[in-house]
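A quick write-up on the structure given underneath.
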Amino acid sequence: MSETVRLKLSTWNTRLWFAMSARRRCLDIEVRLFLPGAEDQPLFDKVCEALGIIAQYSPTRLQRIRQDRRGLWITETAGNVAEYHHNVGLCLLDRSQLAKADVSPAHVAATIVHKATHARLTLAGFGYEPEMRARIENVCFRGEIAFASRLPDGTAIIEQARRQLERDPVVWTREAARDRATTKLRELGVPEWLIKLIIRVRKTRDSLGF
């Protein structure tokens, strides 16, 4: 199977599961939750409240989010707080991270802003090549800081983003991302053969600039 075919299958699979997920519409943005349980319903509320914060303090950003994305998907990510998949126009929010009591709607709003910056840069023609990743992430974290500076309680978010700016650029390499993905999949109990298949698909996506 060619790399292009694998990527198309991965894209189709993501769109299918997103379409089958539970849905809610918040401020004209599609929010979906993969395989929800009764305890997961508050996650919808937290994301909708986060979008409300963006609407209040940065309405222009909210409008760009509407333009640049198909929606927000609460699911399991590959070991990241959130991910932006521009081949399907989706921002993935990690279910486990979102459920944490110390992750406030304001923190979620800053994360959405971060991924919105990724989307805007991608649409402007900036790729995510290995040599560009640290610079791209720095731009996105500075976007978080600019947004949080408008919030009445944004100090903790600003400090957290500044710590991210000080991290070793090696954390943004493909190898580090695959290590995080492998660790997360094992924590979820995914079989080793399936982990290898998923990592192979991720390598394909990376090689094509996704």
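General observations
- Some residue of region 126-141 being surrounded by 20 or more Cβ atoms within 10 Å (Cβ to Cβ) and in contact with a Pro (Cβ under 9 Å, 6 or more places away or on another chain): yes
- Residue in region 3-43 that is modelled with the lowest pLDDT, counting only those that are surrounded by fewer than 17 Cβ atoms within 10 Å (Cβ to Cβ) and aromatic (F, W, Y): W12
- Only one of the listed residues (R150, R180, R200, R120) is in the same structural domain as V88 (by TED's automatic domain parsing) and either assigned to a helix (DSSP H, G or I) or free of Cβ contacts under 8 Å to residues at least 40 places away in the same chain (or both). That residue is R120.
- Candidates L51, L62 - the one that is modelled with pLDDT of 95 or more, part of a helix (DSSP H, G or I), over 27 Å from T183 (Cα atoms) and under 15 Å from the mean Cα position of the chain (by Cα): L51
The values are calculated or read from the model by the stated rules, or taken from the named source; none is laboratory data. Remember, predicted model here, so these are calculated numbers, not experimental data. Positions of Cβ are generated from backbone atoms using ideal geometry, with glycine treated the same way; all protein chains shown enter the neighbour counts.
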